[in-house]
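As structure tokens, the structure follows; a few thoughts come after it.
Every number here is computed from the coordinates shown, using simple stated rules; none is lab data. Bear in mind that the values here come from a model prediction, so they are computed numbers and not experimental data. Using ideal geometry, Cβ is built from the backbone for each residue, glycine included, and neighbour counts are taken over all protein chains shown.
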Amino acid sequence: MRAEQVACVCEVLQQSGNIERLARFLWSLPICEELHKNETVLRAKALVAFHSGNFKELYDILESNNFPIESHPKLQALWLRAHYIEAEKSRGRPLGAVGKYRIRRKFPLPRTIWDGEETSYCFKEKSRSILRNWYAHNPYPSPREKRELADTTGLTTTQVSNWFKNRRQRDRAAETKDR
């Protein structure tokens, strides 16, 4: 099988959710660096490692291979869930919001699956900066302007609308507090 064919089979098995079969398929592959360095195969190996509870292997795969940005959200979720599971096992109880926050701080995402930009309340700093600059000159953007801002920031139009609504509300609250 060529690398593209192996990648295609891995993709189909991942999408079907049949992790057991995916694991068997990966085990059947010959030792070949081209195959085992393929991004789709690496993602499949990471998924199998996660589901089998082999978190050390998962971390090794994620830390030692660069992945394209479109793969980052799923791989970040695996990284965090694996660390949460380990922490819950060692503590003997489920993690709350604060516990999860502490785990995220203790085990930051590796640069191989993260672009390095901090997020605050799920919005990247770059997006927030664009919205703040726009708000400074027009706190009431039109629907067309909101769509343009959404395209520029990578957010949805609803998120942009809510950001402006919340910002106006906070400003009004600050004004009444100062009186």
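Quick rundown of the values:
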quantity	calculated
Highest-first arrangement of 133-145, 41-53, where packing means the average Cβ count within 10 Å	41-53, 133-145
Relative contact order, percent, region 3-116 [alpha-carbon distance under 8 Å, six or more residues apart]	24 percent
Answer label for volume of the Cα convex hull per residue in Å³ (calculated), chosen among (1) 165; (2) 122; (3) 184	(1)
Helix 19-28 axis, angle to the chain major axis (alpha carbon atoms, nearest 10°)	50 degrees
Globularity ratio of region 120-178, using Cα Rg and 2.2 N^0.38 Å	1.11
Segment Thr157-Ile31, extension gain: residue separation times 0.36 nm, minus the distance between their alpha carbons	40.6 nm
Phi to ³J(HN,Hα) by Karplus 6.51 cos²θ - 1.76 cosθ + 1.60 over region 70-85, Hz, x for Gly, Pro	5, 8, 4, x, 5, 5, 5, 4, 4, 4, 5, 4, 4, 5, 5, 4
The chain: angle of helix 125-137 to the longest principal axis, Cα-based, in degrees nearest 10	20 degrees
FRET efficiency estimate (nearest 0.05) - Cβ-Cβ, Arg81 to Tyr101, R0 22 angstrom	0.90
